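K.L.:
Below you will find the structure I want to go over with you.
The values are calculated or read from the model by the stated rules, or taken from the named source; none is laboratory data. Note that the coordinates shown come from a computational prediction; the quantities given were computed from them, not determined experimentally. Note: ideal-geometry Cβ built from the backbone for every residue, glycine included; neighbour counts use all protein chains shown. Ligands, DNA and RNA are excluded from the accessible area calculation, which covers all protein heavy atoms including side chains. Shrake-Rupley method; radii C 1.70, N 1.55, O 1.52, S 1.80 Å.
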Amino acid sequence: MKEEWKKQQQGLVKTIEQLREYINVTQEEEEAIAIAKEKRLTWGATPYYSALMDPDNPDCPIRQQIIPKFTEEGAQFERENYLYWKENRVEDGGSNPFSNDGRPVSIGRQYEDRIAFTVLDNCPVFCQFCFRTEATQHKQEDLRFASHVKAGFEWIEKHPEIRDVLVTGGDPLTLGDRRIEEIIRRLRAIPHVEFIRFGSRVPVALPQRITPSLMKILGGFHKVPIWINTHFNHPKEITEESARAVYDLLSCGVQVGNQAVLMKGINDDEETFIKLHKKLLTIRVRPYYLFYCEAAPGAGRFMTTVERGAELVNALRGHTTGLAQPMYVLATRIGKINLGPDSSIIAKDDKQYTLQNHRGETITIPVVPI
Ligand SMILES: *Cc1c(COP(=O)(O)O)cnc(C)c1O
């Protein structure tokens, strides 16, 4: 019998007819889908994830993540050829040591010790805010990562400074068991690789993928451990199935973190943001990053002010433990950049610092001389 996760993948909801089995499609959505078809953009999601959509509310946070929409307001902030620029495949005038330095297209580099290794462009949900949309949804010819995987391994083997390999895509956990096992085995055979990370939305959009046989491949005690960062953006995405997938990963020794993207109308209000982060802890997921939405084609309509993320992360403090606090960053071509919240030091003189808490109350501590 075919495994449930394969049925989910093969039954991807990706046409307007299929979509109508889940929601009452609006006129506006129908027009946007027609434009997407003209532009030959891939969109869609697993039946499991599609079933989380609200059938009657076009502002539903799941609906907005799946269904294409083209707005002029959004487009003005977007950057063409975003991925080439972001992942340093083009020259930048010489200021960046990692720009166009002869890496294969599967290797994105911004740091001395670690890289993003993109192994495919397939996904269980084609997120409308994706910063890799030119590869995943536009299927740009020169960003066919899957054909550069072999060259990627060879490049890593020749670079002893790389300790940390972040396997990404597309979604690498949509690959078959054998392929995932091969990737892990090959990376573990490289003496300088100390740990492996996977970026995957599988726990959110295809939790059925975490099968006993995949657990055997990913799990177990090993000196080169595996970390997974998944991607919950809204409390509605946290279900019994996703909680079970996370538990199964943890129970076989795989650490699970979350990387959320701050998005207008989806999670940029205090109530939703706090609920998301509280709920992540109840399913054992440790929030890692909150990303400011990147200016990739199609993502502009989700962008907020930069300050908004810092305000929200600051607001969390009064409602839940520090375990729920993500780092708020912007991912750029020169690395991740910390966007706050700003330091809580509001004044300093010769003798003392004045610190402020989340309620605006202050406390002083002495200045220790250098
Ligand atoms: C995000 C990213 C990493 C990993 O960054 P961490 O801050 O270590 O999680 C590494 N390489 C590239 C190219 C990245 O975009």
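K.L.:
Applying the selection to the stretch 107-130, what residues are open to solvent by 10 Å² or more (accessible area, probe 1.4 Å), more than 11 Å from the ligand (Cβ to nearest atom) and within 21 Å of A295 (Cβ to Cβ)?
P.N.:
D121, C123, C127, Q128, F129, C130
K.L.:
Right, here's the next one. Which one of the conditions (1) open to solvent by less than 40 Å² (accessible area, probe 1.4 Å); (2) more than 16 Å from the ligand (Cβ to nearest atom) does T332 fail to meet, given that it meets all the rest?
P.N.:
Just one mismatch for T332, condition (2).
K.L.:
Can you say whether S213 is buried (at least 18 other Cβ atoms within 10 Å of the Cβ), among the polar types (S, T, N, Q) and in a helix (DSSP H, G or I), as far as the supplied structure shows?
P.N.:
So S213 fails the test.
K.L.:
Filter the stretch 58-69 down to the residues that are assigned to a loop (DSSP other than H, G, I, E, B) and within 19 Å of E271 (Cα to Cα) and list them by number.
P.N.:
Across the stretch 58-69, the qualifying residues are D59, C60.
K.L.:
Take the conditions surrounded by 15 or more Cβ atoms within 10 Å (Cβ to Cβ) and over 21 Å from V285 (Cα atoms) and apply them to E161. Does it pass?
P.N.:
Numbers: surrounded by 15 or more Cβ atoms within 10 Å (Cβ to Cβ): no; over 21 Å from V285 (Cα atoms): yes.
Considered against the rule, which asks whether it is surrounded by 15 or more Cβ atoms within 10 Å (Cβ to Cβ) and over 21 Å from V285 (Cα atoms), E161 comes out as no.
K.L.:
Quick test for you: out of G152, G108, G74, pick the one residue that is without any contact (Cβ under 8 Å) to a residue 40 or more places away in the chain and of a type outside the set (S, T, Y).
P.N.:
Among G152, G108, G74, only G108 is without any contact (Cβ under 8 Å) to a residue 40 or more places away in the chain and of a type outside the set (S, T, Y).
K.L.:
Is it true that some residue in the stretch 227-234 is in a helix (DSSP H, G or I), in contact with a helix residue (DSSP H, G or I) (Cβ under 9 Å, 6 or more places away or on another chain) and touching a residue at least 60 places away in the same chain (Cβ under 8 Å)?
P.N.:
So far as the stretch 227-234 goes, no, none of its residues is in a helix (DSSP H, G or I), in contact with a helix residue (DSSP H, G or I) (Cβ under 9 Å, 6 or more places away or on another chain) and touching a residue at least 60 places away in the same chain (Cβ under 8 Å).
K.L.:
State yes or no: is I190 modelled with pLDDT of 95 or more, part of a loop (DSSP other than H, G, I, E, B), away from the ligand (no atom under 16 Å from the Cβ) and open to solvent by less than 50 Å² (accessible area, probe 1.4 Å)?
P.N.:
When the stated conditions are applied, I190 passes them.
K.L.:
Does R317 satisfy the condition of being within 30 Å of E134 (Cα to Cα) and surrounded by 14 or more Cβ atoms within 10 Å (Cβ to Cβ)?
P.N.:
For R317, the condition - within 30 Å of E134 (Cα to Cα) and surrounded by 14 or more Cβ atoms within 10 Å (Cβ to Cβ) - is not met.
K.L.:
Among (1) under 23 Å from W5 (Cα atoms); (2) in contact (Cβ under 8 Å) with a residue 60 or more places away in the chain; (3) not in a loop (DSSP other than H, G, I, E, B), which single condition is V261 missing?
P.N.:
(1)
K.L.:
Would you check if there is a residue in the stretch 299-322 being more than 25 Å from T239 (Cα to Cα) and in contact with a Lys or Arg (Cβ under 6 Å, 6 or more places away or on another chain)?
P.N.:
Among the residues of the stretch 299-322, at least one is more than 25 Å from T239 (Cα to Cα) and in contact with a Lys or Arg (Cβ under 6 Å, 6 or more places away or on another chain), which makes the answer yes.
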